[in-house]
Each structure stands twice: as structure tokens, then as C-alpha cells.
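Working notes, structure below.
What follows draws every value from the coordinates through simple rules; no lab data is involved. Bear in mind that the values here come from a model prediction, so they are computed numbers and not experimental data. Please note: Cβ atoms are built from the backbone with ideal geometry, for glycine as well, and neighbour counts cover all protein chains shown.
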Ligand code: SF4
Ligand code: SF4
């Protein structure tokens, strides 16, 4: 487990106001996406849990800006989404809360789309690269859905495109298509469950090369950033902000600093860190664990035999310790193959930024890749 050598003492100053409140509607899903590392189940958030959450957390929700819905597939519990939206409107009349949902899109019926439009939702559509390759009609159906969403002024769409070795050869082409169709932000995500074979790694390098050429050509004179996470670089050490400005309510009513923490402990319920990171439940919130989140910094993580603190990429590398843990079983222990994929991303990002003439994009000395 990660070396948490920082504070055990709760720091009340860290109990800031929550800006993003996430409701994990369910751990259930109607698909089996190739990339999914979550544990499936049949738990659904109850009406009572929503009510208790909004009531008992109210002291921390005065600055609430975003309410998001997560799953499994959150649209399986669409009535609960409606309940939350109506409860927020009632509790904070006139307040401009931004709603967001991440979905596989299969349950987006016209009346649901109309609801999302009315309440000005940000809708992130998850696209499964494997299905795009293996299922006839999958890609064109999803493009049509994005077109329909784009016709609703109140909806701000974006895409999570997940590829792995099976679908990688289509990656740069798909990203180009999505950018040209102006579907909103494109998040390029890699399937990290398995170790990639050498041929896939070299294909990934080629795909990044093609993408770089495209972005340089397409981006001339444009200030848009259609591919965050690649076309721009943030510098600064990753420090987990779980619990600090965000909270997640799990279907069982437990509270977590982030939806990814819930994912991790849902998958590894017997993990000894649970007592440190669970922030009580909606009946009895307990903020003492927040300082634990803040102790999660990229420099304390490890990848294989190596500690990230010794890596020249440490301030550009952004790997969530719980996402890594979903694969490795330990918080902040980054599987070597995930580290390798991250290094490839950083290498190509470096080349893109140099060719764009923005060096590393952060005004600091450019670091060499090891
Ligand atoms: S580092 Fe991970 S767990 Fe922490 S806030 Fe970011 S996404 Fe959430
Ligand atoms: S690239 Fe690998 S070793 Fe370097 S900071 Fe990231 S995970 Fe750690």
C-alpha cells in the first residue's frame, strides 16, 4: 500500500465546501464494455439516501456548483436522477447548478434527452473501441446519437473514447472524425486492464504520430482544445483533491472523497485502507479521512520497482492512485504497463508541444524523457 507518511490528524481547515457532488446511481450496467474495471452489482441509490444526503451534507453544500451522476450505467436509475435535479431546484431555487452524466448512451430515449436538455446537462458518452471494431453499426449509431445530442442547445456533449490493442488501429482516425464533427471535448482513454503486447505498443506510437500531424494541421489559428490531456500539458504535481472540493454518495449510502475511491473500495471491500478513506455515510458523515486523500501525491506512488519521485516525468504524469489501484489492487501502485503507456503519451505530447512552438507549455525548463 502507498506510503502515507503524512498526517493522521484531521485538519478542519481542509473541510472546505463541496463544489462537485456525485451520486453513484448504481453499480449495475446493461453492457459489458471491454475496458471496464468496475465491480458489477445490483445496488441502486434509494430515494431515502438522496434525501438524507442533501439534508445531512447541507453545511458543506453551500458553494455547490456541479451535481454529477455516475454508475455503472446511471440511466438505469433515471427516476433517481430526476429526483436529485428536482430536489436541488427546490433546495436552491435560482442557483445555477451544472448537471452532468456519464453514460453508454443506450438508454437515451427522446424524453430523457429532452429532460437533459431542459436542465442543461453535460453528457459524456462513453465509446467502446472494441465494439466499434467488432459490431456492425455501433460506430454509426453512436455518431447519430452525438448528432442528435448536438441538436439540443441545452446539452453540452463530450466523448470518452476508450481503445485497447483490438481497436487501436482506428484510434487516430476516430479522434479526427470526432473533432471534425465538433462533438465537444474528446477524452482519449486507454484500456489498462491488460499488458499491451509489443506490436500494440508500436502501433500506439504510430497512432500518436498520426494524431500529432493532424492536430498540428487542424489547430493552426484555432484556440480550441478538442483533445485535453494530449494537446495541452498541465504541470504540477498531482495531489488528490478527493473530499476537499468533491464528494461522492455511493448506492449503499456510504460517502467517499471521489467516485474513483468508491470504485476502488467497491472492488476491494476488504482492503485495510477502507477505514481511512470512507467518509462515513449519509446518516453520519465523518470528515476525518479527508487528510488521507490529500496525502496522495504522485511523488509517493510507485511503478514496478521504481518510485515516481525519481522519475523525470513526475510533475507531468497524472495517474489517479485509485484508478491504478483498480488494476494493481493497491492504492498508488501503478502497474508497469500503465506507466509505460503514460510515458508514451508524455513523449508524444512533448513532441507535439515542441512542434507547436510552445515547448512544454508551462513556461518551465523542459525536462528530458528518461
Ligand atoms: S486523484 Fe483520483 S481519487 Fe483523487 S480526486 Fe483525482 S480522480 Fe479522484
Ligand atoms: S511515468 Fe511512470 S514512473 Fe514516471 S511518474 Fe508516471 S507512473 Fe511514475
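Here the label points at residue 232 and residue 275, each 7 Å from Cα along the C-beta direction, are separated by 4.3 nm in the simple model.
What ranking of 286, 111, 276 emerges when the number of other C-beta atoms within 10 Å of each C-beta is taken as an exposure proxy, fewest first?
Result, fewest neighbours first: 111, 286, 276.
Fully extending the segment from residue 89 to residue 201, taken as 0.36 nm per residue of separation minus the present Cα-Cα distance, adds 35.5 nm. Quick note on the chain: its Rg to Rh ratio, both from C-alpha atoms and Rh being the Kirkwood radius, is 0.95. Separation of segment 120-135 and segment 243-265, taken as the distance between their Cα centroids, equals 24 angstrom.
Which order results if 297, 182 are arranged by neighbouring Cβ count within 10 Å, fewest first?
Values: 297 18, 182 11.
Lowest to highest Cβ neighbour count: 182, 297.
Among 175, 189, 249, a tally of other beta-carbon atoms within 10 Å of each Cβ gives an order, fewest to most, of 189, 175, 249. Remark: segment 192-334 is approximated by an ellipsoid whose semi-axes, taken from the C-alpha gyration tensor as √(5λ), come to 33, 19, 15 Å, largest first. Here the spin labels are modelled as points 7 Å beyond Cα on the Cα-Cβ line, and at residue 56 and residue 111 they lie 3.3 nm apart. Based on alpha carbons, the Rg and Dmax found for segment 253-333 are 13.4, 45 Å. Only helices enter this figure: runs of n ≥ 4 DSSP H residues, each worth -39500 (n - 2.57), summed and divided by the residues of the chain, yield -10500 deg cm²/dmol at 222 nm to the nearest 500.
In this simple spin-label model, placing a label point 7 Å from the Cα along the Cα-to-Cβ direction at both residue 283 and residue 144 gives a separation of 4.8 nm.
Between the C-alpha center of segment 283-332 and that of segment 158-196 there is a gap of 25 Å. Computed over segment 16-218, the alpha-carbon pair-distance distribution with 10 angstrom bins reads 8, 31, 32, 20, 8, 1, each value a whole percent.
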